[in-house]
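For reference, the structure discussed in these notes is given below.
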Amino acid sequence: MSYLNFDKTLLVNLERSLSKEMIRTNRAGTYNSTTLTDCNTRKYHGQLVLPVPELGSDNYVLLSSLDETVIQHGAEFNLGLHKYGPNLYMPNGHKYIREFDCEVIAKTTYRVGGVILTKERLLVSFEPRVLIRYTLTEAISPITMRFRPFLAFRNVNELTHENDRANTNMDEVQNGRKNRMYDQFPYLYMQFSKKVDYCHNPAWYKGIEYQKEQERGYEYKEDQLVPGYFELSMKKGESVIFSAGISEVKTTTLKTLWQKELERRNVRDDMFACLKNSAAQFYKREGDKCYLLAGYPWFHASAREMFFSTPSCTLDIDRPEYWDAIIDKTAVGEIEAYIEGRKEECHISDMDQPDALLWFIRGIQKYAHKYTVKQAADKYGKLVTDLIQYYRKQQHPRAVVHQNGLIWVDGTSRPATWMCAEENGRPITPRTGYIVEVNALWYNALKFASELMREMGKEIGADLMDYQAEITREAFVQTFWNGIYLNDYVINDYQNREVRPNQIWAVGLPYSPLDRKQQKAVVDICTKELLTPRGLRTLSPKSGDYRPIYIGGQEERNRNFHNGPVWPFTIAAYARAYMNVYKHSGVSFMQRLLVGYEVEMSALCIGTLNELYDGNPPYKGHGGMSYAPSVAAVISVLDTLKKYQEQ
């Protein structure tokens with residue numbers, strides 16, 4: 001049995017199987033996602049979901065589902081599955097599933113009487129096209145296969161309903177048909193690797209329900225257009241490939257294309273292989289540029305998440321070519337444009353967040369540790385020092401460097417940190433003034449900039465940078481250290497003493513402003529009050545504001561967002577901090593902690609990690625089904641452990 005294998009016992013139990021999802025991307029923004037039983041439970045699910053730049057920056061669902069029917073001796077067995085009401089699922093195709101395996105690509109095995117049929121799917125790299133291969137492995141006689149496409153043609157954030165504007169016509173193409181429900185969309189080409197018959201019989205399937213959206217308090221019922229159905233015959237041992245894309249393909253090339261794409265896939269037979277594969281799913285090529293998306297299914301390329309995640313999602317998985325594509329060919333130019341005032345040239349969002357550029361400097365620091373400080377200085381030394389001056393000269397739109405060397409930000413009217421949930425346009429967690437992780441990053445950036453300047457032969461400049469860092473260090477300790485742990489933020493005479501994970505970066509970064517005793521105290525309180533098998537809680541259970549379960553409508557979930565749930569991305573800083581304090585004696589503890597992430601590889605979105613988890617057992621996952629900072633953080637932990645084990 002493979003690492004990501006699920007048998008009939010689980011799959012026919014919808015209460016268990018509908019919580020398990022899969023997502024695959026083509027590294028250019030297109031994705032394929034659904035549950036293991038092919039029953040869509042999110043409006044974001046679909047067989048072909050892709051960017052349509054002409055319509056906006058979001059993704060669009062073109063082909064929502066493809067329902068298959070096996071016909072043998074006049075008997076029909078529909079393999080599809082949709083939810084139409086409370087405990088009402090039709091046509092119950094999940095009862096024919098015998099196995100789902102996703103070690104290499106998604107493969108579902110069905111058994112209908114004496115018929116055994118496999119369905120495999122993959123996306124074509126960098127092209128908006130999904131391929132689904134059907135193989136009849138067992139049958140006492142030829143069968144007929146019927147395929148009903150469920151069309152949506154909508155933004156992933158919206159739902160569609162029956163209307164008279166939709167074009168129900170299907171135009172003939174080689175071995176298939178094409179359709180464009182609305183004029184502003186591209187055509188969807190649906191083709192097969194062999195000749196196929198088509199029966200035109202347009203109908204709206206009404207009231208399809210999305211369970212996840214219902215739980216989240218959103219509109220959750222949709223109507224989808226089924227324009228007709230395709231039919232073809234199959235005999236034992238035969239394979240047929242279905243293609244859906246926004247351009248026509250020569251159907252004689254589909255088998256070759258399938259084999260070529262299959263050879264590009266890697267086996268996911270352990271946690272690192274899963275995370276490595278998941279990390280690559282976040283790459284998004286756009287012309288001659290490449291970005292790292294914050295996650296799927298609704299995220300874009302945002303600065304904080306991109307700069308935090310890129311080192312582990314490229315360098316730590318031995319994909320330096322993608323570091324070059326994302327950082328050298330994309331991010332560097334856009335950052336230079338941003339700080340020079342040419343913001344229209346910057347397509348990475350949220351560059352104005354106070355800590356975003358500090359996370360970029362931290363990424364360059366990881367590059368220096370992976371290679372050499374000299375290489376980092378040669379490639380990025382000038383940009384890093386320019387960024388330091390950008391802050392020091394008060395040019396940053398949201399960060400002010402005070403005379404005490406600390407960065408001050410205004411987070412009262414607009415979120416200034418990653419704890420960014422809002423209600424009525426105001427931050428729910430209004431962290432403002434001197435913020436602990438922002439200033440920990442700032443101190444670390446100053447020390448690293450000094451290191452680069454010495455490598456560049458700028459000794460006087462390096463000395464000045466060290467002097468600035470020492471001023472910052474003294475002010476940091478005086479401002480944040482409360483005698484037991486670090487305050488979360490300080491403004492005027494107010495010290496926010498809530499125990500939150502943000503303080504861990506003051507220990508988990510290479511340069512810490514704290515002494516050894518203070519570092520240990522921070523690690524120990526985070527371990528005692530915040531640590532879970534999925535990462536650090538966003539707030540201590542001892543707080544009266546502790547809200548650990550991420551449930552309810554949008555308003556309730558926003559209030560809970562950063563007041564108790566666990567965000568796995570915090571585990572990277574925690575692991576480095578723990579190992580900094582406990583050295584080799586901490587290896588076995590961190591290895592045991594990783595077991596919690598191993599469990600998640602087959603728990604929800606298989607082979608990857610969610611955005612956040614409940615703060616109390618059983619630590620159920622929520623938010624984005626695949627989140628780059630979560631994946632990057634655990635890869636970083638594995639890399640940290642590897643270095644200690646090699647010593």
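For region 167-203, taking the residues that are crowded, with 18+ Cβ neighbours inside 10 Å and of a type in the set (Gly, Ala, Ser), the one that is nearest to Leu62 (Cα to Cα) is identified as Gly176. Candidates in region 134-159 are the residues that are open to solvent by 20 Å² or more (accessible area, probe 1.4 Å) and under 23 Å from Cys199 (Cβ atoms); of these, the one that is nearest to the chain's Cα centre (by Cα) is Arg148.
Report whether or not Thr527 is within 30 Å of Asp270 (Cα to Cα) and either within 25 Å of the chain's Cα centre (by Cα) or open to solvent by 60 Å² or more (accessible area, probe 1.4 Å) (or both). No; evaluated as a whole, the condition is false for this residue. Restricting Phe282, Phe272 to residues that are of a type in the set (A, V, I, L, M, F, W, C), open to solvent by 40 Å² or more (accessible area, probe 1.4 Å), modelled with pLDDT of 95 or more and touching a helix residue (DSSP H, G or I) at 6+ places or on another chain (Cβ under 7 Å) narrows the list to Phe272. Against the criterion of being basic (Lys, Arg) and surrounded by 17 or more Cβ atoms within 10 Å (Cβ to Cβ), Lys366 qualifies. Do we find a residue being at pLDDT 95 or above and under 26 Å from Asn266 (Cβ atoms) anywhere in region 345-366? Checked against the condition, which is being at pLDDT 95 or above and under 26 Å from Asn266 (Cβ atoms), region 345-366 yields at least one hit.
Among the residues in region 107-114, are any touching a residue at least 60 places away in the same chain (Cβ under 8 Å) and at negative phi? Yes; the residues of region 107-114 include at least one that is touching a residue at least 60 places away in the same chain (Cβ under 8 Å) and at negative phi.
Are any of the residues in region 27-43 open to solvent by 10 Å² or more (accessible area, probe 1.4 Å) and over 30 Å from Ile326 (Cβ atoms)? Among the residues of region 27-43, at least one is open to solvent by 10 Å² or more (accessible area, probe 1.4 Å) and over 30 Å from Ile326 (Cβ atoms), which makes the answer yes. Applying the criterion of at least 1 residues that are small (Gly, Ala, Ser) and over 24 Å from Lys236 (Cβ atoms) to the strands (runs of 3 or more DSSP E) found wholly in region 1-106 leaves 31-35, 46-51, 59-72, 82-85.
Restricting attention to region 153-199, the residues being closer than 14 Å to Asp223 by Cβ and of a type in the set (D, E, K, R) number 5.
Report, by residue number, each residue of region 44-58 that is closer than 21 Å to Glu219 by Cα and either open to solvent by 20 Å² or more (accessible area, probe 1.4 Å) or of a type in the set (Phe, Trp, Tyr) (or both). Selection gives Tyr44, Asp58.
On the given criteria, is Glu172 modelled with pLDDT of 95 or more and farther than 25 Å from Thr252 by Cα? Taking the combined requirement at face value, the residue does not satisfy it. In region 470-493, how many residues are touching a residue at least 60 places away in the same chain (Cβ under 8 Å) and either farther than 19 Å from Tyr443 by Cβ or among the hydrophobic types (A, V, I, L, M, F, W, C) (or both)? Result for region 470-493: 3.
Residues in region 333-348 that are closer than 16 Å to Glu286 by Cβ, in contact with a Phe, Trp or Tyr (Cβ under 9 Å, 6 or more places away or on another chain) and in a helix (DSSP H, G or I): Glu345 only.
Of all residues in region 599-620, those that are among the small types (Gly, Ala, Ser) and crowded, with 24+ Cβ neighbours inside 10 Å total 2.
Only one of the numbered conditions (1) modelled with pLDDT of 95 or more; (2) out of contact with any Leu (no Cβ under 7 Å at 6 or more places or on another chain) is violated by Ser413, and that is (1). When each of Ser243, Ser309, Ser247, Ser302 is tested for being within 19 Å of Val124 (Cβ to Cβ), touching a helix residue (DSSP H, G or I) at 6+ places or on another chain (Cβ under 9 Å) and either open to solvent by less than 10 Å² (accessible area, probe 1.4 Å) or not acidic (Asp, Glu) (or both), the lone residue that passes is Ser243. Among the residues of region 399-419, those identified as in a strand (DSSP E or B) and either out of contact with any strand residue (DSSP E or B) (no Cβ under 7 Å at 6 or more places or on another chain) or open to solvent by 10 Å² or more (accessible area, probe 1.4 Å) (or both) are Val400, Val401, Trp408. In region 67-108, of all residues being aromatic (Phe, Trp, Tyr) and buried (at least 16 other Cβ atoms within 10 Å of the Cβ), the one that is nearest to the chain's Cα centre (by Cα) corresponds to Phe100. Do we find that Thr330 is touching a strand residue (DSSP E or B) at 6+ places or on another chain (Cβ under 7 Å), part of a helix (DSSP H, G or I) and either of a type in the set (Val, Ile, Thr) or open to solvent by 40 Å² or more (accessible area, probe 1.4 Å) (or both) in this structure? Yes, satisfied. When the residues of region 109-133 are narrowed to those that are part of a loop (DSSP other than H, G, I, E, B) and modelled with pLDDT of 95 or more, which ends up surrounded by the most Cβ atoms within 10 Å (Cβ to Cβ)? The extreme case among them is Pro128. Might you check whether a residue that is open to solvent by less than 10 Å² (accessible area, probe 1.4 Å) and under 28 Å from Ile327 (Cβ atoms) occurs anywhere in region 420-431? No, region 420-431 contains no residue that is open to solvent by less than 10 Å² (accessible area, probe 1.4 Å) and under 28 Å from Ile327 (Cβ atoms).
Scanning region 538-585 for residues that are open to solvent by less than 30 Å² (accessible area, probe 1.4 Å) and without any contact (Cβ under 8 Å) to a residue 24 or more places away in the chain returns a single hit, Asn560.
The values are calculated or read from the model by the stated rules, or taken from the named source; none is laboratory data. Note that this is a predicted model, so its numbers are computed, not measured. Here Cβ is always computed from backbone atoms with ideal geometry, including for glycine, and neighbour counts include all displayed protein chains. Protein only, heavy atoms only, side chains kept; ligands, DNA and RNA dropped before computing areas. Shrake-Rupley method; radii C 1.70, N 1.55, O 1.52, S 1.80 Å.
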